[in-house]
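Trainee: Before I ask anything, let me first share the structure, which is written out below as structure tokens.
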Amino acid sequence: MKDAATHYCQGCGHSVIHRLTAEVIEELGIADRAVGVPPAGCAVLAYFYFDVDMIEAPHGRACAVATGIKRANPESIVFSYQGDGDLAAIGTAEAVHSANRSENITVIFVNNAVYGMTGGQMAPTTLLGQRTTTSPAAAGREAHREGYPIKVSELLASLEGSTYIERCAVNSVRAIRRTKKAIREAFLTQMNGEGFSMVEILSPCPTNWKMSPVKSWKWIDEVMTPYFPLGVIKDSRKGSKKDAG
């Protein structure tokens, strides 16, 4: 990582996820060929922090841009870094078809159940009953009006082309350690040429959740995790026996 002061809000999970991703890249010795692809969202300035090649993508198009980079230079280790508003909304098609084609890229998917950068609007992953600036009523998000929260990991795991998908969190020391291991496995999947890999990370957003950092960490355990269960969703790598997809 670069020596730079963070612009993220207090208690935000992005800074932790950045650190974990950077540590894995350094430990695997791939910094000289790693290429990160951040699109619009809270992490739009990720290139301030990663001391690797970074290519900014239009909103939602990170998987498409990552695909182009990887196909043009197969020796690169290419990862996109996307939020739920980016990957699960405007970028749904790019993510689905990249996984379906088994593009040999890695996706770091940060799920904080809200549009963090633009003011806390409802996201595709916003939970039922969760209040946002665009679902402000006491009942919050309602299924009959806005539909159900999208389980992106399970959706992509259902595709034949996806290889390794795991959902983690960063709201405790134990969870952070598990997340780093998952990121490492995702990069190894790509390094071994085994196809599409993604790590979904449940991340706190105290500012838009209107909570203290401590309460937001508990909210992940008490509210988010029951709907978005943690663990390996799919692992169809050669020799692997872990496949819940």
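Trainee: Please list 3J(HN,Hα) in residue order for region 135-144, calculated via the Karplus relation 6.51 cos²θ - 1.76 cosθ + 1.60 where θ = phi - 60°; whole Hz, with x for glycine and proline.
Mentor: Values per residue, Gly and Pro as x: 9, x, 4, 4, 7, x, 5, 10, 4, 6 Hz.
Trainee: Rounded to whole Hz and in sequence order, give me ³J(HN,Hα) for region 3-12 from the Karplus expression 6.51 cos²θ - 1.76 cosθ + 1.60, θ = phi - 60°, writing x for Gly and Pro.
Mentor: 7, 9, 6, 6, 9, 6, 5, 4, x, 5
Trainee: Long-range amide H contacts for G60: which residues qualify at under 5 Å (H placed 1.01 Å from N, peptide plane, sequence gap of 5 or more or a different chain)?
Mentor: Hits under the 5 Å cutoff: A40.
Trainee: Can you give me the three principal axis dimensions of region 14-235 from its C-alpha atoms, in Å, biggest first?
Mentor: 51, 32, 29
Trainee: Between M198 and residues 5 or more places away or on another chain, which pairs have amide H atoms under 5 Å apart, with H built 1.01 Å from N, and which residues are they?
Mentor: For M198, the qualifying residues are V107, Y164, I165, E166.
Trainee: Return one number: the angle in degrees, 0 to 90 and rounded to the nearest 10, between the long axis of the Cα atoms of helix 173-191 and the longest principal axis of the Cα atoms of the chain.
Mentor: With both axes taken from Cα atoms, the answer is about 40 degrees.
Trainee: Turning to a different aspect of this structure: Over the chain, with a Gaussian network built from C-alpha contacts below 10 Å, which listed residue (G147, G11, G91) shows the highest mean-square fluctuation?
Mentor: G147
Trainee: While we're here: One-quarter of the Cα convex hull surface for region 95-204, in nm²?
Mentor: Taking a quarter of the hull surface, the average projection is 7.6 nm².
Trainee: Please work out the FRET efficiency for the pair S240 and S172, using the Cβ-Cβ distance as r and a Förster radius of 30 Å; give the result to the nearest 0.05.
Mentor: Taking R0 as 30 Å, the efficiency between S240 and S172 is 0.70.
Trainee: Let me ask you something else. Starting at the first residue of region 153-168, write each ³J(HN,Hα) from the Karplus equation 6.51 cos²θ - 1.76 cosθ + 1.60 with θ = phi - 60°, in whole Hz, x for Gly and Pro.
Mentor: Once θ is set to phi - 60°, the couplings for region 153-168 become 4, 5, 4, 6, 5, 6, 7, 4, x, 6, 10, 10, 9, 9, 10, 10 Hz.
Trainee: Defining a contact as two alpha carbons under 8 Å apart and six or more residues distant in sequence, what relative contact order in percent does region 14-235 show?
Mentor: 19 percent
Trainee: Quick one: work out the % antiparallel among DSSP beta bridges in the chain, nearest 5.
Mentor: 20 percent
Trainee: Report the residue, chosen from V173, V16, V114, that carries the largest GNM mean-square fluctuation when the chain is represented by alpha-carbon nodes joined by springs under 10 Å.
Mentor: Result: V173 has the largest fluctuation of those listed.
Trainee: Moving on to the next point. Restricting to DSSP H runs of at least four residues, report the calculated mean residue ellipticity at 222 nm for the chain, -39500 (n - 2.57) per run over all residues, nearest 500 deg cm²/dmol.
Mentor: Computed mean residue ellipticity for the chain: -9000 deg cm²/dmol.
Trainee: While we're looking at this one, here's another question. Identify which of G193, G13, G60 has the largest mean-square fluctuation in a Gaussian network model of the chain, with springs joining Cα atoms closer than 10 Å.
Mentor: G193
Trainee: Okay, next question. Students often get this wrong, so check it: of K2/K234; K180/K238; K210/K234; K181/K210, which have C-alpha atoms separated by over 28 Å?
Mentor: From the list (K2/K234; K180/K238; K210/K234; K181/K210), the Cα-Cα distance tops 28 Å for K2/K234; K210/K234; K181/K210.
Trainee: Quick one: R178, R145, fewest Cβ neighbours within 10 Å first, how do they rank?
Mentor: R145, R178
Trainee: Something else now. For a quick check: with amide H placed at 1.01 Å from N, whose amide H comes under 5 Å from G83's, ignoring anything fewer than 5 positions away on the same chain?
Mentor: V110
Trainee: Antiparallel as a % of all DSSP beta bridges within region 1-129, to the nearest 5?
Mentor: 10 percent
No lab work stands behind these numbers, since they all come straight from the coordinates. Just so you know, these numbers come straight off a predicted model, no measurement behind them. Reconstructed Cβ throughout: ideal geometry from the backbone, glycine too, with neighbour counts over all protein chains shown.
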